[in-house]
1. Of Ala130, Ile151, Ile107, whose Cα points farthest to the positive end of the dipole of segment 7-224 (charges on the beta-carbon: +1 Lys, Arg; -1 Asp, Glu; origin at the Cα centre)?
2. Relative contact order, percent, of segment 7-224 when contacts are C-alpha pairs under 8 Å separated by at least 6 residues?
3. Greater than 20 Å separation of Cα atoms is the criterion. Which listed pairs, Lys28/Lys182; Lys28/Lys74; Lys177/Lys218; Lys74/Lys179; Lys7/Lys74; Lys7/Lys218, meet it?
4. So what's the back-of-envelope 222 nm ellipticity for the chain, counting only DSSP H runs of four-plus at -39500 (n - 2.57) apiece and dividing by all residues, rounded to 500?
5. Distances over 20 Å make up what percent of all Cα-Cα pairs in segment 128-191?
6. Assuming 0.36 nm per residue, please report the length gained on full extension of the stretch Asp97 to Val199 beyond their Cα-Cα distance.
7. If r is the Cβ-Cβ distance from Glu4 to Met46 and R0 is 41 Å, what FRET efficiency results, to the nearest 0.05?
8. Using a 10 Å cut-off on Cβ atoms, rank the peptides 125-134, 186-195 from the highest mean neighbour count down.
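Nothing in this text is a laboratory measurement; each read-out follows from the coordinates by a stated rule. All figures in this text were calculated on a predicted structure; none of them were measured in a lab. Positions of Cβ are backbone-derived with ideal geometry, glycine not excepted, and every protein chain shown enters the neighbour counts.
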Amino acid sequence: MSTEPRKLLAVFAHPDDESFICGGTLAKYASSGVEITLVSATRGEMGRRMGNPPYLNRETMAEARELELREACKCLGISQLHFFDIRDKTVEFADPDQLADRIAGLIKEVDPDVILTFHEQWGGHPDHCAIGKSTVEALERTGMKKALYYISFGDSLAYPESFGYTREDISQINVSKFKKAKLAAFRAHRCQTEIDEWVWLPDKQAMNRFGDYEYFIKGNEEALRRDRNDLF
């Protein structure tokens, strides 16, 4: 029986993607001993939210969001963080070949069991779609057999048929016991969430805004072999 820890690599575009979209899942697996490595392609320096009242500007935004992300990683149990230092809102214009090679190198280095990224069509933001597309290409270049999943927003995939998927194509992860860690990560991203009054309500009220499940599209054959209720 292997004593090697399970590993998860999350390849995202911005600080806060990890918390706002799948923070419960990351906290859940980290709590069970999974080693989590997070990539943020940018430092989010072009974000429109600058605190409430505003206290950041374009010159100070990148450093602030990096510090916030590092704090969120502590809240969620993420052990390794990498920035690609691509300018925010320009991931789609990065050289796709070089970006895929860079991600492929990290996949080989980390040797994860599971990879999370954005779907190139359903990502909801050009940076999201671009980093997702490059991650898929990167995994193909490595030739490694890793389970690939696409993250999704809220409970949109509770009924996946409207997106052309079946229930067997979707993993649903019960995160009901990890809402407190997710909320802490939300609050760590202060400049992004200070404007959202609900985030700062008493814990129980705020956590009621979170669903009990987070949903993932199975992105390859390795993922399709996995149980619906577990990414590993």
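1. Value computed over the given set: Ile151.
2. That works out to 27 percent.
3. Violating the 20 Å Cα-Cα cut-off are Lys177/Lys218.
4. Theoretical 222 nm ellipticity from helices: -11500 deg cm²/dmol.
5. 53 percent
6. Fully extending the segment from Asp97 to Val199 adds 32.8 nm.
7. With a Förster radius of 41 Å, E is 0.55.
8. Peptide ranking by packing, descending: 125-134, 186-195.
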